[in-house]
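Reading through the structure tokens given below for one structure.
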Amino acid sequence: MNITNVSFEAMMFAMQCHKDQKRKYTNVPYFTHLCEVVGILSSFRKDPFSLSTAWLHDSMEDCGISYDLINSHFGVVIAEGVLTLSDLEISGD
């Protein structure tokens with residue numbers, strides 16, 4: 001993926017992942033939350049890896065998107081960032 005376009009691609013991917021979700025209490029599209037997070041982050045971080053991670057930060061936790069899918073589309077740096085921000089249940093034996 002072209003590094004110049006990675007943030008845009010992450011935004012489009014996240015928009016598709018969350019397309020049917022609404023925010024609790026307000027019932028506005030969930031995507032507005034992602035816009036708010038990216039807006040806050042962009043006031044002090046503008047690198048495409050950070051912004052892409054912000055766009056995708058709820059995709060594993062809320063949409064069931066796999067680490068492998070994010071890694072294959074966006075690379076290991078972004079996939080690791082998303083995984084770090086995800087509150088996932090880890091099953092242990």
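Taken together, the values in this text are just the output of simple stated rules run on the coordinates, not laboratory data. Because the structure is predicted, anything quoted here is derived from the model rather than measured. All Cβ positions, glycine included, derive from the backbone under ideal geometry; neighbour counts span all protein chains shown.
A few points about this structure:
- Some residue of region 12-26 being surrounded by 12 or more Cβ atoms within 10 Å (Cβ to Cβ), in contact (Cβ under 8 Å) with a residue 24 or more places away in the chain and in a loop (DSSP other than H, G, I, E, B): yes
- Taken over region 27-49, the criterion of being within 11 Å of the chain's Cα centre (by Cα), under 19 Å from Glu80 (Cα atoms) and without any contact (Cβ under 8 Å) to a residue 24 or more places away in the chain is satisfied by Val37 alone.
- Among the candidates Leu56, Leu69, residue that is out of contact with any helix residue (DSSP H, G or I) (no Cβ under 8 Å at 6 or more places or on another chain) and among the aliphatic types (A, V, I, L, M): Leu69
- Residue count for region 70-89, restricted to those that are free of Cβ contacts under 8 Å to residues at least 24 places away in the same chain and closer than 17 Å to Phe8 by Cα: 4
- Ser43 over 13 Å from Val6 (Cβ atoms), surrounded by 19 or more Cβ atoms within 10 Å (Cβ to Cβ) and among the polar types (S, T, N, Q): no
- Taking the criterion of being within 16 Å of Phe8 (Cβ to Cβ) and either of a type in the set (A, V, I, L, M) or crowded, with 22+ Cβ neighbours inside 10 Å (or both), the residues of region 47-66 that qualify are Leu51, Ser52, Thr53, Ala54, Trp55, Leu56, Ser59.
- Check on Leu51, part of a helix (DSSP H, G or I) and of a type outside the set (Asp, Glu): yes
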